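The values are calculated or read from the model by the stated rules, or taken from the named source; none is laboratory data. Just so it is clear, the model here is predicted, and its values are computed rather than measured. Neighbour counts run over all protein chains shown; Cβ positions are idealised from the backbone, glycine included.
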Amino acid sequence: MLKILRYEKSSEPNSNGNRFARPTLPPPDALPDAEILPEVHFMKMLCVERKRTERSRRPFVLMLLESAGLLKPGANEDTLRKVFRALTRSTRATDVIGWYREGSVFGVIFTEIGPIEEGHAAAKTLLAKVTHALSNTLRLDQINQIRLSFHVFPEDWESEGTGRSADSTLYPDLKRDLDPRRAARIVKRATDILGSSMALIVFLPLLALIAILIKLTSKGPVLFRQDRLGQNGIPFKFLKFRSMYVNSDPKIHEDYARRLIEGSASAEAVKGSDTKVYKLTSDPRVSPIGRFLRRTSLDELPQFWNVLIGEMSLVGPRPPIPYEVRAYDLWHKGRLLTATPGITGLWQVGGRSAVKFDDMVRMDLEYARSWSLWLDLKILWRTPRAVLMGNGAY
């Protein structure tokens, strides 16, 4: 028989310190045959299906049925029975049914629905199927209390050539308000504000000098503003000192970035050294002063403003350009979901351009998985040495 697991608050904490009692079940004859997962288990299955899709490249659709009135604890069991019966008639044995939000939002994961390009077409078909099942089961006034939404994974992050934010509905496990390290993240943000403010003040004379040198040596603006994607794919204006000539063709870097991400780019030899790096080392678009700025990482100084206003952090993955994300494999996008982009990070102090793109992504994911304030401090401590050595900066 269908088991709908609902967790009720208890006045006494359990062995784990949580104030939840054992789940309560409806009468055994109340609902049709099926299994309704509690919220915590449904969220785990949602994470598993994301990982499965990254490997199989077969998308899934997350359907949410929301009704604060029909699904709330103590609601009419006959109505609940009808809703669940309609949904079970619309699902397969491989689909996952459970609470997305206990007592108000019901979720169904329609697994492996076909090739990636057919994801949105499948969602439309499922909408018609579920709507038909509900209309044959519920009264009109009950149907009017229901809100259906469909979310396809993987999402299409492209919109008129620019990045758009990820569908947060597909990543409830990554919500900051549920993060057990929330207090530490507040401290991290406070550190970002304090650190970036001090850096902008201390480096103000140097910022002015660099601006003058850029103006004297080449035509064009002092700052280079570029569209980058931050956490969850949210676009922002990324600031750097201009190191290239104006009106330079971005196709050179776009082609190399695509080959680098695909794994077909060869490491380039550094002039006068046995070192090889995965980066354009002789880019004709870069001005003489620009080469110096890149070699010393001084072109990155304006990004302290991005940190100050909250678009970036002192430590985190580097924010990608939209055309780079277009070349990403599915699992690569995880680096955009797990942490705020930063000026420095594990990649910068642990190999920089000497590591392959896949290894860089793994380093970003490892940073997000093991993040702590202590890890940030260690990376910040190692950053000056990495900058002075100049390894991988071209």
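Kindly indicate which of Pro205, Pro180 is out of contact with any Ser or Thr (no Cβ under 7 Å at 6 or more places or on another chain), in the same structural domain as Phe304 (by TED's automatic domain parsing), loosely packed, with under 12 Cβ neighbours inside 10 Å and modelled with pLDDT under 90.
Working: Pro205 fails: modelled with pLDDT under 90.
One residue alone meets the criteria, Pro180.
Listed by position, the helices (runs of 4 or more DSSP H) contained in region 305-389 that have at least 1 residues being touching a strand residue (DSSP E or B) at 6+ places or on another chain (Cβ under 9 Å), modelled with pLDDT of 90 or more and of a type in the set (Phe, Trp, Tyr) are 357-369.
Within region 111-141, being acidic (Asp, Glu) and assigned to a loop (DSSP other than H, G, I, E, B) holds for one residue alone: Glu112.
It is to be established whether one or more residues within region 51-63 are closer than 22 Å to Gln145 by Cβ and modelled with pLDDT of 90 or more. Yes, region 51-63 has at least one match.
Annotation: Pro288 fulfils all but one of (1) surrounded by fewer than 15 Cβ atoms within 10 Å (Cβ to Cβ); (2) modelled with pLDDT under 80; the unmet one is (2). Pairs are defined by a Cβ separation below 8 Å, a sequence spacing of at least 6 or placement on different chains, a first member in region 244-257 that is more than 23 Å from Val222 (Cβ to Cβ), and a second member that is surrounded by 13 or more Cβ atoms within 10 Å (Cβ to Cβ) and aromatic (Phe, Trp, Tyr); the pairs so defined are Glu254/Tyr323; Ala257/Tyr323. In summary, Leu213 fulfils each of the numbered conditions (1) surrounded by 12 or more Cβ atoms within 10 Å (Cβ to Cβ); (2) closer than 15 Å to Glu311 by Cα with the single exception of condition (2).
The single condition among (1) at pLDDT 85 or above; (2) more than 22 Å from the chain's Cα centre (by Cα); (3) closer than 23 Å to Glu155 by Cα that Pro38 does not meet is (3).
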